[in-house]
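Visitor: Dropping the structure in here first, questions after.
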Amino acid sequence: MHPMLNIAIRAARKAGNHIAKSLENAEKIESSQKGTNDFVTNVDKEAEALIIDVIKSSYPDHSIVAEENGLIEGKDNEVQWIIDPLDGTTNFVKGLPHFSVSIAVRIKGKTEVACVYDPMLNELFTAQRGSGAQLNNARIRVTPIKDLQGAVLATGFPYKQKQHSESYLKILSSLFVECADFRRTGSAALDLCYVAAGRVDGFFELGLKPWDLAAGELIAREAGAIVTDFAGGTNYMTSGNIVSGSARGVKATLKHIRENGNEAILK
Ligand code: IPD
Ligand code: CA
Ligand code: CA
């Protein structure tokens with residue numbers, strides 16, 4: 001196993017176990033608002049500190065991009081750790097037990113290793129570039145759907161960017177006519193892992209941040225999924241707009257996005 005994946009897993013488990021434990025003492029969770037419908041808790045921050053500690057003790061020179069701390073520049077700018085300490089904060093605040101810790105390592109702009117940990121189910125999704133994707137060490141693969149008939153798609157609502165509601169809902173209602181059903185789980189990192197594991201047939205969301213996507217994207221691709229932005233390109237780390245699934249599933253989803261999305265989101 002890549003040594004950095006080992007460290008990523010150690011950090012994710014440590015943070016995940018802290019988050020799960022914190023949910024048992026829900027009265028001690030302090031929540032504050034960062035932006036419109038955007039919450040952060042003391043537990044997000046504590047989990048992030050635990051992860052940064054583990055990384056820094058093995059790789060003191062690496063750079064880190066972490067949701068709550070921003071960019072922590074190290075001497076080595078070629079290696080960058082991308083961290084979401086708690087993906088699914090809204091679920092966490094509500095006591096809804098579906099959230100994850102997401103950690104990816106990018107070297108010279110390419111994601112090399114990734115892990116997403118769900119501490120409530122003790123499920124660890126991992127991937128190393130070129131070596132496939134695993135759930136608790138067992139190989140996972142995307143479901144090779146040919147079209148959207150019977151497909152169950154995961155998505156996320158643009159609840160922090162309601163200016164995109166109309167466009168998003170047009171895409172959603174057009175897709176709904178063709179596919180079987182939707183899931184809105186509340187953790188984009190797990191949505192991508194669930195595509196990888198064949199638990200859903202595809203996923204799309206707009207306006208995500210690099211830490212929501214970086215790990216799940218590699219895990220999905222290593223499981224055989226296609227990942228694109230809303231224009232069918234590969235700019236999703238910048239635009240935050242992402243579609244994932246089998247090649248044909250993504251093609252069919254993109255058709256609805258293209259036909260119903262406005263210019264502001266077709267990137
Ligand atoms: C959020 C979750 C959610 C998605 C949002 C993300 P956070 O991350 O991934 O599923 O719909 O767009 O921002 O804020 O809980 O880390
Ligand atoms: Ca997130
Ligand atoms: Ca988060």
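Visitor: Of the residues that sit in the stretch 226-267 and are touching a helix residue (DSSP H, G or I) at 6+ places or on another chain (Cβ under 8 Å) and farther than 22 Å from Phe157 by Cβ, which one is surrounded by the most Cβ atoms within 10 Å (Cβ to Cβ)?
Guide: Ile226
Visitor: Tell me the residue from Arg248, Arg199, Arg258 that is within 21 Å of His164 (Cα to Cα) and charged (D, E, K, R), please. It would help to see each step written out before you state the result.
Guide: Values: Arg248 fails: within 21 Å of His164 (Cα to Cα); Arg199 fails: within 21 Å of His164 (Cα to Cα).
Of Arg248, Arg199, Arg258, the one residue that is within 21 Å of His164 (Cα to Cα) and charged (D, E, K, R) is Arg258.
Visitor: Considering only the stretch 34-43, I want to know if a residue exists there that is closer than 22 Å to Leu218 by Cα and within 15 Å of ligand 2 (Cβ to nearest atom). Don't jump to the end; show me each part of the working.
Guide: To start, the set of residues in the stretch 34-43 that are closer than 22 Å to Leu218 by Cα comprises none.
Within the stretch 34-43 (the criterion being closer than 22 Å to Leu218 by Cα and within 15 Å of ligand 2 (Cβ to nearest atom)), the answer is no, since none of the residues qualifies.
Visitor: Filter the stretch 54-72 for residues that are within 17 Å of Lys14 (Cβ to Cβ), touching a helix residue (DSSP H, G or I) at 6+ places or on another chain (Cβ under 8 Å) and free of Cβ contacts under 8 Å to residues at least 24 places away in the same chain and give the result.
Guide: Ile64, Asn69
Visitor: Follow-up question, since we're still on this one. What pairs can you find where one residue is in the stretch 185-207 and outside the structural domain of Leu86 (by TED's automatic domain parsing), the other is charged (D, E, K, R) and near ligand 1 (Cβ under 10 Å from one of its atoms), and their Cβ atoms are less than 6 Å apart, with a gap of 6+ or different chains?
Guide: Thr185/Asp191; Ser187/Asp87; Ala188/Glu205; Ala188/Asp212; Ala189/Asp87; Phe203/Asp191
Visitor: Open to solvent by less than 10 Å² (accessible area, probe 1.4 Å) and over 19 Å from the mean Cα position of the chain (by Cα): which single residue out of Ser63, Ser57, Ser31 fits that description?
Guide: On the way: Ser57 fails: open to solvent by less than 10 Å² (accessible area, probe 1.4 Å); Ser31 fails: open to solvent by less than 10 Å² (accessible area, probe 1.4 Å).
On inspection, the qualifying residue turns out to be Ser63.
Visitor: Taking the stretch 106-143, which residues are part of a loop (DSSP other than H, G, I, E, B) and within 16 Å of ligand 2 (Cβ to nearest atom)?
Guide: At the first step, the residues of the stretch 106-143 found to be part of a loop (DSSP other than H, G, I, E, B) are 108-109, 119-122, 129-132, 136-137, 140-143.
Hit for the stretch 106-143 is Pro119, nothing else.
The values are calculated or read from the model by the stated rules, or taken from the named source; none is laboratory data. In this text the structure is predicted, and so the values were computed from the model without any measurement. Cβ coordinates were reconstructed from backbone atoms using ideal geometry, including for glycine residues, and neighbour counts include every protein chain displayed. What goes into the accessible areas is simple: the full protein's heavy atoms, side chains included, and nothing from ligands, DNA or RNA. Shrake-Rupley method; radii C 1.70, N 1.55, O 1.52, S 1.80 Å.
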